[in-house]
Every structure is written in structure tokens, then in C-alpha cells.
Amino acid sequence: MFYRLSGVHHTRYETARQLWPIPADRWQVWILLALALGAPLYMADLYLTSYMLPWLVWSAAALSLTLLMGVAGQLHFGFAAVMAIGAYTSIHIARAGWPFEIALIGAGLTAAVIGCVFGAAALRVKGLYLVMATLAMQYLVDWVIINVPAISGGAQATLQTPDVTFLFVPMQGDTALYYGALLWAVIVTVLVLNIKRTSFGRALVAVRDKDYAASIIGVNSFKYKLLAFFTSSFLGGVSGAVLAFCYYQAVTPEQFGFNVSIQLVAMVLVGGLGSVIGAYLGAGFVLLAPIFLTNAMAYAAIQGWLTVSSNLLAHIPLMAYGALIIGFLLFEPLGLAKIYDNIRKYFLVWPFRHSGS
Amino acid sequence: MRGLFKGLIGTVAAAALTVTGTAKTDDDTIKFALLQDFTAVYTFVTDEYNQGQRDYLTLINEEGGIDGYTFQALVRDTGNEPQRGLEAYNRARREGAVLVDFLSTPVSRAAVSRVLRDEIVMITVLHGRGDASDGTTFPYVFPMMATYWSQAAVLADHIEQNEDGLEGKRIAHVYIDSPFGREPVPVMQELAERKGFEYRTFAYPSPGTEQSATWSDVRRYRPDYVMIWGAGGGQPVSVREAIRNGIAPERILSVVWMAETDARTVGTDVATGLKRFEAVATGTDYPIMERIMETVIEPGLGTGDSENVGTTYYNIGVASMAVSVEAARLALEEYGGPLTGEKLRDGFRMIEDYDAEGMMPPLTFSEEDHQGGGFGRISQWNGEAWEPVTDWYASYQDIVWEEIEKDAAGFREGR
């Protein structure tokens with residue numbers, strides 16, 4: 001009823017192969033896009049700058065990581081370091097007077113090259129051992145940034161982002177920054193959606209499922225593992241640069257610490273490995289749930305419903321957040337994306353109970 | 001499926017609750033946003049510090065406020081995460097806050113460009129950017145107390161006084177391997193050159209629970225004095241390791257982050273003689289503290305454990321709010337209400353020789369100087385409490401200001 005499957009007949013390959021073959025999915029995407037495009041018109045700046053903007057950028061970062069972890073099956077626990085490389089490269093290029101467009105590409109390339117160097121470990125090791133290799137990357141990059149003042153920016157270890165223009169639009173003011181982030185999120189989303197249905201994406205999936213089985217059927221796992229690291233690190237690096245320029249407007253080493261890497265992994269896992277909508281849901285959950293919980297508890301305390309010490313009050317959101325993660329994963333181990341999928345499948349055949357397939 | 005919908009409805013309801021949870025703006029309350037890290041890195045200081053701040057604001061309100069204005073503290077946890085700090089900041093700004101205090105270097109750094117744009121005063125007491133002391137470059141940021149550079153200068157001066165000069169002395173600087181740890185290095189290097197002493201740095205890895213390898217290096221160096229530059233759990237480890245490596249407690253000088261709890265962790269007897277930099281007096285023998293005891297704590301209006309009243313970090317919190325309230329008072333006197341960020345900033349700049357009734361060194365701010373002079377003193381652990389051994393003083397402000405101006409110039413160029 002909602003999805004109106006009857007009457008949808010694909011008579012040409014192009015329509016059957018398009019990104020969203022069902023019209024209902026398509027108009028949902030268009031509505032979401034329209035809502036996102038119109039957000040500056042109807043959203044108060046608090047929600048635009050503190051919720052929407054960081055959510056979009058972190059979703060782009062989570063998408064970059066889910067391409068590597070979910071699609072290609074290469075675990076990466078140092079992705080914040082990849083973003084740090086992008087952020088620092090872009091800011092140094094921009095400060096040197098080059099255009100912002102070049103800075104973004106430079107950020108992606110530097111992150112991709114360095115990411116590949118560490119990704120080369122993936123050619124030899126798998127699973128937990130790869131986790132260790134990527135963790136080493138996190139600590140090495142952190143150490144280099146902190147210990148080389150030329151990178152981190154002297155005693156204060158803070159670099160302010162210079163004023164830049166992107167495609168002749170000055171990147172100042174909430175609206176411009178928001179559209180910058182939105183543009184990047186849309187690009188990454190479309191790219192990852194498309195990668196998943198190309199031969200490149202299928203090769204990555206083959207490597208993920210069993211690398212030597214993949215090589216038997218003619219997929220060069222050496223090449224595709226490196227390509228996965230390259231692509232994902234490129235996207236991660238640009239996401240780091242976008243995060244720095246559109247959101248933080250200042251770069252410090254703490255913004256890309258080990259805990260951020262873990263948050264990124266949490267976004268991917270809670271959202272659903274390899275899922276595009278999962279990256280959005282996961283980023284939204286990991287980023288916004290603590291904020292919502294903290295504000296809800298503070299509100300309850302102000303109203304006098306909750307009389308506990310301020311120390312305990314600050315920790316209740318943490319407990320609730322942990323319980324939520326456990327709850328979601330118990331309820332649906334495949335992540336938030338699977339919950340979405342279940343709902344969608346339910347409405348796909350509503351009012352009937354089973355789709356038959 | 002039904003359970004899922006219930007859950008969804010619950011989530012939406014909770015979200016709606018937080019959305020509507022913005023307080024109404026009353027015209028006769030002045031809102032200070034204390035958006036601090038209660039759960040992650042700064043936990044060693046935040047509870048006591050925040051308690052001191054809120055108790056002081058309660059005291060002012062109980063005494064009738066200022067000019068009919070009362071103060072309200074907006075308190076939120078940021079978990080030391082810039083994105084949560086910025087969210088809390090934007091929310092507080094919407095609620096009409098005129099002053100923010102993050103007590104977190106990463107959050108403050110991310111907020112600098114925003115407070116400058118939004119014209120809201122940000123106090124960065126003993127954290128944040130030291131170069132924000134330059135009021136012309138950072139008109140809305142107030143470090144308010146001695147920066148780490150000034151602290152290093154005060155500690156070096158103390159050694160000089162004690163030893164009749166620094167020439168030929170060996171000073172080891174043992175720090176946590178982070179920007180905070182290495183912040184005083186340029187000032188100390190400049191001093192070493194000027195005064196002709198030997199200066200060497202030793203870093204230990206974050207978070208500082210394991211430092212033995214570093215300290216055996218320090219032992220081989222055989223320093224005359226050791227400056228320890230860490231915070232929280234790493235500090236007692238540093239002291240214990242130093243003593244174990246044959247350095248007398250009297251020769252250990254600590255950055256401001258050294259409190260009663262640290263001395264107790266080391267062992268009250270073992271730590272006897274240990275020296276530290278002090279920005280605000282400790283204890284309850286000051287008029288403000290006595291009034292807090294009488295008006296806030298005894299009637300049960302305090303925000304936390306009354307055991308904390310008078311501890312190092314509690315008093316720093318009280319002092320930070322005392323200065324801020326003084327600034328608000330001066331601003332209201334000069335311009336009248338309602339108070340805005342701009343008026344409050346001018347209020348800060350009007351403060352002259354304010355010492356919070358003896359609790360602090362006399363602070364004077366101006367359009368250029370947002371540090372307040374860089375004063376501090378040395379106090380020593382006597383087995384039971386921190387006892388001041390010097391008067392309030394400031395040292396080598398010329399070197400400190402060279403650093404401030406150098407970094408501030410970098411900030412200006414970066415924009």
C-alpha cells in the first residue's frame with residue numbers, strides 16, 4: 001500500500017538497475033534531500049550548526065569507514081588518524097595560499113597515500129592483527145602531530161582555519177558551511193551507493209568474504225585491498241578537512257585522538273556494517289544520543305524530577321548510552337540499518353504479514 | 001514490531017522533551033554557562049571546581065544579587081568532546097548566557113573563533129590558549145589567572161631566590177607528552193639562556209600512570225630541581241617516582257595541578273616538603289569562604305559534598321566566579337542592565353587590583369592584558385595542608401609576553 005509495488009514493471013535494464021528501483025524509495029530520498037536542502041530555512045541555527053552539520057560530516061566519515069570495514073572487510077581502528085592527516089594537510093595547504101579546492105584534493109591524496117602505507121599491512125595480516133596495525137597508525141600519527149610543531153602549530157597546538165572560498169562561494173556563515181558539509185555528504189553517499197553495485201564493489205565484497213576464494217575467481221586481492229584502503233582513506237581525509245573547515249574551524253590534536261577512532265568504529269557497527277543508511281543512523285546515534293541524553297537529564301534535574309548529585313547526574317547519560325548500545329545490539333545485532341530494513345520490509349507488503357520471498 | 005514502535009515513540013518523546021527544554025529568559029538573571037567535562041579527562045578537577053563556582057553564585061544570590069540581578073549557572077557535561085561542547089555552547093548562547101567556562105582545552109580552542117564572533121565572554125582559567133592573554137587579539141577570551149608560561153617563570157624565580165641565582169644549576173622539566181606538557185618549554189629555554197642554567201626536558205607518555213622509564217633518565221641527569229608538568233592521575237605518580245629516584249620533595253616543583261588528594265595519594269608524610277605553584281589560596285580562612293560556609297553550606301544550599309569546601313580546586317572555582325561577578329558588577333555600574341557579552345568584557349577590563357578579599361593576588365585587567373598580571377605564589381605541603389611559603393609575585397613577564405605576542409600574531413595571520 002505504502003510502497004505500491006503493483007504496477008512497477010521494469011521493461012528496460014536501466015530502470016531495473018537504477019539506485020532505487022521502487023518509486024516509493026525514490027520519493028523518500030527526494031523528500032529527505034529537499035528537507036536537507038531547505039534546513040537553513042526552517043531550522044533554528046542551534047539545530048543547524050550543532051546537530052545537522054556535525055551529523056552530516058560524521059556520516060560522511062562513517063561512510064568512508066564503512067566502505068573499508070563493511071564492504072571490503074578490512075578492520076580499521078585508526079581512522080581518526082586518517083582524518084587528522086586530511087585536516088592538517090588541507091589547513092597547511094590553505095594557509096600557504098592555495099585554493100580550497102586544491103586543499104581538499106591534497107588532503108584526500110595525502111591521507112590516501114599514508115593510509116595505503118599502513119594498509120599495506122593488510123596484505124599480510126587479517127582480523128585482530130590488522131586492528132593492531134591500524135592502532136599503531138593512530139598512535140604514530142598522534143605522536144608525529146604532537147611532536148612536530150611545524151604540523152601542530154607551535155606551543156598552542158591549534159591552527160585556525162583561514163577564510164576560504166569554495167567554487168567562488170565564501171565559506172563563512174552557518175548556511176554556507178552547512179551546504180558545504182551537505183554537498184560532501186551527498187557526494188560520498190552517491191559514491192558509496194554506486195561503488196557497492198559496480199565491479200569494483202563486488203570485487204571488494206569477494207575479498208571480504210574470502211580473499212583466496214576471490215583470487216581463485218580472478219580477483220586480485222592484493223590490488224583490491226590496497227584500492228579499498230586508498231579510496232576509503234581518500235574519502236576519510238577529505239571528510240577530516242571538511243570537518244575542520246566547516247565545523248571546528250580550528251584543528252587541535254585532541255580532535256582526532258584514539259577515542260574518536262573508536263567512536264567511528266562504533267558508528268559503523270551500531271549503524272550496520274557496510275550499509276549506507278546505517279552510516280547515517282550510526283553517526284546520528286553515536287554523535288547525538290549523548291547530547292540528547294545529557295540535555296534530557298539536565299532538564300529533569302532542573303524540573304526537580306531527579307534529585308541526585310551533579311556528579312551522578314553527569315554519569316547517568318553515560319549509563320543510559322551504554323545500555324542503549326547493548327539494547328540495540330541485543331535487539332538487532334546487524335545494527336540500526338537492519339531495524340530500518342525490517343520496518344521497510346514490513347511496510348513493503350502491508351497490510352499483509354509476509355512478502356513471500 | 002509493536003515493541004519497536006513503542007521504543008521509537010519513547011525516543012521521539014525524549015527528543016521532544018529536550019527540544020522544549022530551553023529555559024525562558026528572565027531579564028533579571030545573568031546567566032553563566034559552566035559547560036564542563038564531568039566524565040572524561042578533567043574529572044580530577046571539575047567536580048570541586050564547579051561546586052565552588054556554583055556555591056559562590058548561590059552566595060551572591062542569597063545576599064541579594066547585584067543591583068537586583070541574580071545569577072544562574074547553566075551546567076552541562078561536555079565529556080571533553082569539542083562537538084558536545086559546541087552544542088552546549090550554542091544552546092547556552094540561545095538561552096542568553098553572557099559568559100562561558102569550558103574548563104577543557106580542546107573545547108575552548110574550538111570555541112575561540114565562535115566566542116569572538118558571538119561576542120560572549122569565555123574565561124579560560126588555567127586552561128586553553130595562553131596567548132589569549134593578548135586582549136587586543138582575543139577581546140572576548142580571559143585566561144584570568146597565570147598562564148602556564150607565567151607559572152614556569154614564577155617557579156624558576158622561586159629557585160633563583162632559594163639558591164642565590166640560577167647559574168650552573170640543572171633543572172629537569174618532566175612533563176606529560178602533550179601540548180599542555182610542552183607549553184612552558186620555550187619560556188624555560190629563554191630563561192636558561194638568559195640566566196645560564198642547564199635545562200633539559202623529559203616526557204612521559206599520556207596518561208601518565210607509568211613513568212618509571214622517564215624517571216631513571218632523570219636520575220642519571222642528577223638535577224638540582226625538578227619541575228613536574230602534568231595533571232590528574234599522573235601527578236602523584238610523578239612525585240612518587242621522583243622521591244624513589246632520590247629527589248628530595250623540597251626540590252620538586254609542580255604546576256598548578258596539585259591538590260590535597262594528590263598529596264594524600266602519595267602519602268601525607270612522604271609528600272611533606274613538596275612545592276607547587278598556587279594561583280588561589282587554599283582553605284576556608286578568608287572572608288568569602290566564611291560567608292560561603294555561613295550562607296550557603298550551613299543552610300544546606302551547597303551543590304555538593306561539604307568536605308570539598310576549601311580544597312584547592314574548589315577555591316579556584318570560587319575565585320573564577322568572584323572575578324566574573326566583580327566584572328559584572330562593574331559593567332552594570334558603568335552601563336546599566338541588561339548585561340551583554342560586550343558590557344561584561346568591558347567590566348573585566350575595568351577590574352583593578354581585585355583580590356577576592358585576600359583569596360587571590362591582586363588582579364588588574366586592561367584592553368591589552370587579559371591575564372591579570374601573571375601572579376602566583378609557592379606553597380608547600382606540610383603534612384596536612386598546603387602552606388604558602390612566599391608572597392604573591394609575578395616574574396619575567398617580558399619573556400612571557402614575548403611568547404604571548406608571538407603566538408597571538410600567529411593566530412591573527414591564520415585567520
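The values are calculated or read from the model by the stated rules, or taken from the named source; none is laboratory data. Everything numeric here is computed off the predicted structure, so don't read it as measured data. For neighbour counting, all protein chains shown are included, and Cβ atoms are generated from backbone atoms with ideal geometry for every residue, glycine included.
Considering only segment B:387-399, how many residues are farther than 19 Å from B:MET145 by Cα and part of a strand (DSSP E or B)? Even if it seems obvious, please write down each step before you answer.
Going through segment B:387-399, the residues farther than 19 Å from B:MET145 by Cα turn out to be B:387, B:389.
From what's left, part of a strand (DSSP E or B): B:387.
Qualifying residue count for the region: 1.
Just to verify a result, which residue in segment B:305-318, among those that are without any contact (Cβ under 8 Å) to a residue 60 or more places away in the chain and either polar (S, T, N, Q) or more than 24 Å from A:THR307 (Cβ to Cβ) (or both), is surrounded by the most Cβ atoms within 10 Å (Cβ to Cβ)?
Ranking the candidates gives B:GLY310 first.
Which fully enclosed helices (runs of 4 or more DSSP H) of segment B:149-231 have 2 or more residues being among the hydroxyl-bearing types (Ser, Thr, Tyr)? First the steps, then the outcome.
Numbers: elements: B:179-182, B:185-195, B:212-221.
Filter on segment B:149-231 gives B:212-221.
Only one residue in B:ASP77, B:ASP101, B:ASP131, B:ASP164 is farther than 21 Å from B:ALA328 by Cα and either assigned by TED's automatic domain parsing to the domain that holds B:ALA203 or modelled with pLDDT of 95 or more (or both). Which one?
Every option except B:ASP164 fails the conditions.
Taking the residues in segment A:155-204 that are closer than 15 Å to A:CYS246 by Cα and of a type in the set (Gly, Ala, Ser) as candidates, determine which candidate is nearest to the other protein chains (Cβ to nearest Cβ).
A:GLY173
Would you check if there is a residue in segment B:392-406 being within 30 Å of A:GLY97 (Cβ to Cβ), within 14 Å of another protein chain (Cβ to nearest Cβ), touching a residue at least 24 places away in the same chain (Cβ under 8 Å) and of a type in the set (Val, Ile, Thr)?
yes
Within segment B:70-125, can you find the residues that are at positive phi and facing chain A (nearest Cβ under 10 Å)? Walk me through it before giving the result.
Kept after step one, since they are at positive phi, are these residues of segment B:70-125: B:79-80, B:96, B:103, B:119.
Passing the criteria: B:GLY79, B:ASN80.
When you go through (1) surrounded by fewer than 24 Cβ atoms within 10 Å (Cβ to Cβ); (2) touching an Asp or Glu at 6+ places or on another chain (Cβ under 6 Å); (3) part of a helix (DSSP H, G or I); (4) within 14 Å of chain A (Cβ to nearest Cβ) one by one for B:GLY302, which number turns out not to apply?
(3)
Let me confirm something: among A:ALA111, A:ALA94, which residue is within 14 Å of A:LEU68 (Cβ to Cβ) and hydrophobic (A, V, I, L, M, F, W, C)?
On the way: A:ALA94 fails: within 14 Å of A:LEU68 (Cβ to Cβ).
Only one candidate passes the filter, namely A:ALA111.
Across segment A:34-62, what is the total count of residues that are over 21 Å from the mean Cα position of the chain (by Cα) and either facing another protein chain (nearest Cβ under 9 Å) or not in a helix (DSSP H, G or I) (or both)?
Looking only at that region, the number is 4.
Among (1) modelled with pLDDT under 90; (2) of a type in the set (D, E, K, R); (3) within 19 Å of the chain's Cα centre (by Cα), which single condition is A:ARG353 missing?
Failed condition: (3).
Pairs needed: first member in segment A:307-322, more than 7 Å from chain B (Cβ to nearest Cβ); second member anywhere, part of a helix (DSSP H, G or I) and of a type in the set (Asp, Glu); C-beta distance under 6 Å; at least 6 residues apart or different chains.
Short answer, once both residue conditions are applied: none.
Filter segment A:292-327 down to the residues that are of a type in the set (Val, Ile, Thr) and over 21 Å from A:ILE339 (Cβ atoms), then identify the one that is surrounded by the fewest Cβ atoms within 10 Å (Cβ to Cβ).
The first filter runs over segment A:292-327 and keeps only residues of a type in the set (Val, Ile, Thr), leaving A:294, A:302, A:307-308, A:316, A:325-326.
From the residues that got through so far, the ones that are over 21 Å from A:ILE339 (Cβ atoms) too are A:294, A:302, A:307-308, A:316.
Details: A:THR294: 27, A:ILE302: 13, A:THR307: 8, A:VAL308: 13, A:ILE316: 18.
The residue in question is A:THR307.
Would you confirm whether or not segment A:102-123 contains a residue that is free of Cβ contacts under 8 Å to residues at least 60 places away in the same chain, within 14 Å of chain B (Cβ to nearest Cβ) and not in a loop (DSSP other than H, G, I, E, B)?
No.
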